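Okay, so here's the structure we're looking at.
The values are calculated or read from the model by the stated rules, or taken from the named source; none is laboratory data. In this text, all values refer to a predicted model and were calculated from it rather than measured experimentally. Please note: Cβ atoms are built from the backbone with ideal geometry, for glycine as well, and neighbour counts cover all protein chains shown. Note: accessible area is taken over every heavy atom of the protein model, side chains too, but ligands, DNA and RNA are not part of it. Shrake-Rupley method; radii C 1.70, N 1.55, O 1.52, S 1.80 Å.
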Amino acid sequence: MKSKKSEIHANLRAILEKTLDEARGEYVLAKESRDSDTKSSAGDKFETGREMMQREMDKLSALVDNTLYSLNRLDRLANLPSSSVVAEGSLVETDQETYYISIGY
C-alpha cells in the first residue's frame, strides 16, 4: 500500500509530466507554424508573424527546461528518509492541511 507521501509525489510527478508533454507538443506546432509561413508581399507582416512564433517557441522552451528541472528536483526528494525536522521532502500533516515540502508549482 502506498503511503500518503508517495501518492502526493506520484500525483505531482504526473502533473509535471503532463505539463512537459503539452509544452513539447505546443513547441512542435509553433515551430511548424513558423517554418511553414511563406513570405508574402507584405514583408513586415511575415516578419512579425515569424517573430511572434519565435517568442512563443522561446517561452515554451523555457517551460520545458523549468519542468525538467522540477522533475529532477522532485525525483531527488522521493526517497529521503522521515525526519522530525521539516525540510525538503517532508510531509507535514496538520489538523487542517497536509503539505509536501518539495517544489513550487
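Annotations for the structure displayed:
- Long-range neighbours under 6 Å by Cβ, at least six apart or interchain, first residue within 13 Å of residue 88 (Cβ to Cβ) and among the charged types (D, E, K, R) within the range 65-77, second surrounded by 12 or more Cβ atoms within 10 Å (Cβ to Cβ) and at pLDDT below 90: 73/103
- Among residues of the range 4-58 being modelled with pLDDT of 90 or more and among the hydroxyl-bearing types (Ser, Thr, Tyr), the one that is least open to solvent (accessible area, probe 1.4 Å) is 19.
- Looking only at residues in the range 89-105 that are loosely packed, with under 12 Cβ neighbours inside 10 Å and assigned to a loop (DSSP other than H, G, I, E, B), the one that is farthest from the chain's Cα centre (by Cα) is 95.
- Residues in the range 59-86 that are part of a loop (DSSP other than H, G, I, E, B) and open to solvent by 50 Å² or more (accessible area, probe 1.4 Å) were compared, and the one that is modelled with the highest pLDDT is 86.
- Checked against (1) in contact (Cβ under 8 Å) with a residue 60 or more places away in the chain; (2) over 12 Å from the mean Cα position of the chain (by Cα), residue 56 passes all but a single condition, namely (1).
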